[in-house]
C-alpha cells in the first residue's frame with residue numbers, strides 16, 4: 001500500500017504529460033509474503049487500472065520468470081480474477097490451470113496463454 005500511495009504522489013495529474021503513467025510496477029528482491037505463506041510472487045488489486053491511487057502492483061524479482069508474474073498482476077489490474085473463481089467456472093466451466101490467470105502458474109499454454117474468461121473480462125473492461 002505504501003508503494004501505491006507513493007507512486008500516486010509522484011505521478012503527473014495530466015495524462016497528456018510525457019511523464020504520466022496509467023499503472024506503476026515495483027520490482028523487488030524482497031521475498032513477498034501473503035496472508036498465510038511466503039510463496040507469493042506478486043500483488044495487485046483487481047480492477048484498479050482507472051483508480052490512480054490503486055493502479056499499482058508489486059513483483060518479486062526472480063529473473064526472467066518475473067515476466068509471467070508481471071503479466072499475471074497486470075491482468076488483475078485490468079480486472080481479471082483467477083481462472084478458478086466461480087464466476088469464470090459458471091460461464092466457461094472448469095478451466096485448465098495453464099493460463100496466465102491461473103492461481104498457480106506451472107506451465108503456460110503457448111497457443112492460448114489467456115483463458116476464455118480472461119479474454120471476455122478484459123474485453124468488457126476496456
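The values are calculated or read from the model by the stated rules, or taken from the named source; none is laboratory data. Only a predicted model underlies this, so the values are computations on that prediction, with no experimental measurement involved. Note: ideal-geometry Cβ built from the backbone for every residue, glycine included; neighbour counts use all protein chains shown.
Report whether or not residue 69 is in contact with a strand residue (DSSP E or B) (Cβ under 8 Å, 6 or more places away or on another chain), crowded, with 16+ Cβ neighbours inside 10 Å and outside any loop (DSSP other than H, G, I, E, B).
Considered against the rule, which asks whether it is in contact with a strand residue (DSSP E or B) (Cβ under 8 Å, 6 or more places away or on another chain), crowded, with 16+ Cβ neighbours inside 10 Å and outside any loop (DSSP other than H, G, I, E, B), residue 69 comes out as yes.
Which numbered condition in (1) in a loop (DSSP other than H, G, I, E, B); (2) outside the structural domain of residue 11 (by the TED database); (3) under 27 Å from residue 7 (Cβ atoms) is the only one that residue 112 fails?
(3)
Suppose the filter is free of Cβ contacts under 8 Å to residues at least 40 places away in the same chain, in contact with a helix residue (DSSP H, G or I) (Cβ under 6 Å, 6 or more places away or on another chain) and closer than 28 Å to residue 85 by Cβ; does residue 35 pass it? Don't jump to the end; show me each part of the working.
Working: free of Cβ contacts under 8 Å to residues at least 40 places away in the same chain: yes; in contact with a helix residue (DSSP H, G or I) (Cβ under 6 Å, 6 or more places away or on another chain): no; closer than 28 Å to residue 85 by Cβ: yes.
It is false that residue 35 is free of Cβ contacts under 8 Å to residues at least 40 places away in the same chain, in contact with a helix residue (DSSP H, G or I) (Cβ under 6 Å, 6 or more places away or on another chain) and closer than 28 Å to residue 85 by Cβ.
Have a look at 95, 74, 32, 105 and point out the one that is closer than 26 Å to residue 126 by Cβ and in contact with a strand residue (DSSP E or B) (Cβ under 8 Å, 6 or more places away or on another chain). Quick ask: steps written out before the conclusion?
Working: 95 fails: in contact with a strand residue (DSSP E or B) (Cβ under 8 Å, 6 or more places away or on another chain); 32 fails: closer than 26 Å to residue 126 by Cβ; 105 fails: in contact with a strand residue (DSSP E or B) (Cβ under 8 Å, 6 or more places away or on another chain).
Criteria check complete, one pass: 74.
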